[in-house]
Amino acid sequence: GQQVMQIPQYQHVQEGEDFTTYCNSSTTLSNIQWYKQRPGGHPVFLIQLVKSGEVKKQKRLTFQFGEAKKNSSLHITATQTTDVGTYFCAGRSRDDKIIFGKGTRLHILP
Amino acid sequence: DTGVSQDPRHKITKRGQNVTFRCDPISEHNRLYWYRQTLGQGPEFLTYFQNEAQLEKSRLLSDRFSAERPKGSFSTLEIQRTEQGDSAMYLCASSPSRDNEQFFGPGTRLTVL
């Protein structure tokens, strides 16, 4: 069945360093969404990517959708303590199934 | 508060008991989703509704699970004869339509003893 793999599972970075998480789908996606979940909280929507090769930026966050619409990445520049949390990708297949990745837990070292 | 609400926030039950959770989506959101999340995992899709119609059920949803959205507004998720493996956070999310962002509720944490 359809799978969405996300790596790495954990990432520890020094405050100020960059961070990247990658998402790979076994099937072509119609779109991909990214969510952030703080410890003890619920997932909060960050962005949606729809077009092949699309790149979107939100301040220090850069999101990319691969040309084949099977992979995506989230890059954070100069991490801050407020970036702590787990970042999930959620791929929507062409038959309308939504599969979340297992997430990348970001820990910031002061 | 105009966000998604879920009730109860916590539920502790004994194995074999039935439990029911409620989700109130954002008003006028057509789509309502149920997910299950365990520690260290991403949300696992269970089922979703387009208005009152249940359009898809995951294979994770055994016969012990049933969900309803009778008037296309709030939804309930019932688990019959609970098992310890049902212990998880049950998340509800709503969306205005198919390709929009999902707004998640705070979840109901179920503990089956």
ask   = Condition test on B:G85, is it more than 14 Å from chain A (Cβ to nearest Cβ) and not in a loop (DSSP other than H, G, I, E, B)?
value = yes
task = Restricting attention to region B:88-113, report how many residues are over 17 Å from B:R9 (Cβ atoms) and more than 10 Å from chain A (Cβ to nearest Cβ).
result = 4
request  = Can you tell me which residue within region A:66-85, out of those that are of a type in the set (S, T, Y) and surrounded by fewer than 22 Cβ atoms within 10 Å (Cβ to Cβ), is nearest to the other protein chains (Cβ to nearest Cβ)?
outcome  = A:S73
task = Taking A:I47 as the residue in question, decide whether it is free of Cβ contacts under 8 Å to residues at least 40 places away in the same chain and closer than 21 Å to B:F45 by Cα.
result = yes
inquiry  = If I filter region B:19-32 for residues that are within 9 Å of chain A (Cβ to nearest Cβ), under 12 Å from the mean Cα position of the chain (by Cα) and aromatic (F, W, Y), do I get at least one hit?
reply    = no
Number of positions in region A:69-110 that are under 29 Å from B:L32 (Cα atoms) and in a loop (DSSP other than H, G, I, E, B) = 10
inquiry  = Criterion first (within 12 Å of chain B (Cβ to nearest Cβ), in a loop (DSSP other than H, G, I, E, B) and on the phi > 0 side of the Ramachandran plot) does A:G40 satisfy it?
reply    = yes
remark   = Note on region B:44-79: residues more than 12 Å from every other protein chain (Cβ to nearest Cβ), part of a loop (DSSP other than H, G, I, E, B) and in contact with a Gly (Cβ under 9 Å, 6 or more places away or on another chain) are B:N51, B:E52
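Mind listing whichever residues of region B:26-37 are assigned to a strand (DSSP E or B) and among the polar types (S, T, N, Q)?
B:Q37
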Pick from region B:63-86, criterion surrounded by fewer than 14 Cβ atoms within 10 Å (Cβ to Cβ) and among the basic types (K, R), ranking: nearest to the chain's Cα centre (by Cα) = B:R64
request  = Quickly run through region B:1-25 and pick out the residues that are in a loop (DSSP other than H, G, I, E, B), at pLDDT 95 or above and not basic (K, R).
outcome  = B:V4, B:P8, B:G16, B:Q17, B:N18, B:P25
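The values are calculated or read from the model by the stated rules, or taken from the named source; none is laboratory data. Here the structure is a predicted model, which is why all the values come from computation and not from measurement. Don't worry about glycine lacking a Cβ; one is built from the backbone with ideal geometry, like all the others, and counts go over all protein chains shown.
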